[in-house]
Amino acid sequence: MAKLESSATLDKLVNRLSRMPGIGRKTAQRLAFYILKLPQAESDELSQLILDVKRRVKECSICCNLSDSDPCPICANPKRDRTMICVVEEASDLVALEKGGDWNGIYHVLGGVLSPLDGIGPDDLKIKQLLQRVKNDVSEVILATDPDTEGEATAIYIAKLLHPLNIKVTRIARGLPVGTDLQFADSQTLAKALQGRVEF
C-alpha cells in the first residue's frame with residue numbers, strides 16, 4: 001500500500017502499527033484512522049494505558065508471568081496446587097489455559113521456545129528458573145508448549161533435564177478439537193489423537 005502523502009505523522013503511525021505481529025499495512029491504516037477519529041478523551045486514555053502497561057506490567061519473580069504485582073495473583077493464591085507446574089511458552093498461553101478454568105496448579109512461563117535459527121538457546125529462556133522451582137516439592141511438570149517443531153524441541157529438552165530429578169513429566173494431549181469431523185482431520189492429527197487416547 002502506498003505511503004500516505006497527506007500526512008507524514010499519520011504515515012508514521014501506520015508504519016509503526018504495521019510492525020506489530022499479525023498487523024499488515026491495511027489493518028494498520030484502519031487502526032490509525034480509527035485512532036484519529038477517537039474523541040480526545042478516549043485517545044488520551046489509550047495513550048495513558050500504553051504508558052501504564054509499559055511502566056507497571058512486570059514479570060512475576062516466581063513464574064515469570066506478566067502482572068502488575070509481584071508475585072502475580074496466581075502465585076500468591078494459597079488455594080493453587082503448588083505440586084504441579086504447567087510450563088508454557090508465553091504469558092498469552094497462560095491466559096488461554098486460565099480461561100478454561102480447569103487448571104488449579106501453578107505455571108512457569110519460558111518466554112519463548114528454543115530456536116537455533118533465530119539464535120534462541122536455553123540461556124535465553126527461563127529454564128534455569130524452572131529447574132530451581134521444581135526442587136520445592138513439585139510432583140509433576142506438564143509441558144504445554146506448542147505442537148510445532150520448536151515447541152516439541154523445547155519440551156524434549158526440558159524433559160531430559162527433569163527426568164534425572166525423579167519428577168513426573170507429562171505433555172499436554174494433542175488431537176482432535178471438539179466438534180471436528182474425523183473425515184476432515186489430517187493424518188498427523190488423527191495419529192496424535194490415537195496415541196493420546198484416554199480410558200472411557
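Just to verify a result, which residue in region 126-163, among those that are basic (K, R) and surrounded by 12 or more Cβ atoms within 10 Å (Cβ to Cβ), is nearest to E90 (Cα to Cα)? The residue in question is K126. Within the set K160, K128, K135, the sole residue that is among the basic types (K, R) and within 22 Å of R80 (Cβ to Cβ) turns out to be K135. For region 164-175, filtered to residues that are of a type in the set (A, V, I, L, M) and farther than 10 Å from G196 by Cα, the residue that is surrounded by the most Cβ atoms within 10 Å (Cβ to Cβ) is V169. Restricting attention to region 21-44, the residues being surrounded by 12 or more Cβ atoms within 10 Å (Cβ to Cβ), assigned to a helix (DSSP H, G or I) and not β-branched (V, I, T) number 9. Remark: pairs (first residue in region 106-135, in a helix (DSSP H, G or I); second residue of a type in the set (D, E); Cβ separation under 7 Å; 6+ apart in sequence or on different chains) are absent. Considering only residues in region 4-20 that are surrounded by 11 or more Cβ atoms within 10 Å (Cβ to Cβ) and charged (D, E, K, R), the one that is farthest from P73 (Cα to Cα) turns out to be D11. Against the list (1) of a type in the set (S, T, Y); (2) more than 19 Å from S61 (Cβ to Cβ); (3) surrounded by 13 or more Cβ atoms within 10 Å (Cβ to Cβ), the condition S92 fails is (3). Number of residues in region 34-58 that are over 30 Å from D70 (Cα atoms) and touching a helix residue (DSSP H, G or I) at 6+ places or on another chain (Cβ under 8 Å): the value is 3.
Computed from the coordinates by the stated procedures, all read-outs in this text should not be read as laboratory data. Because the structure is predicted, anything quoted here is derived from the model rather than measured. Cβ coordinates were reconstructed from backbone atoms using ideal geometry, including for glycine residues, and neighbour counts include every protein chain displayed.
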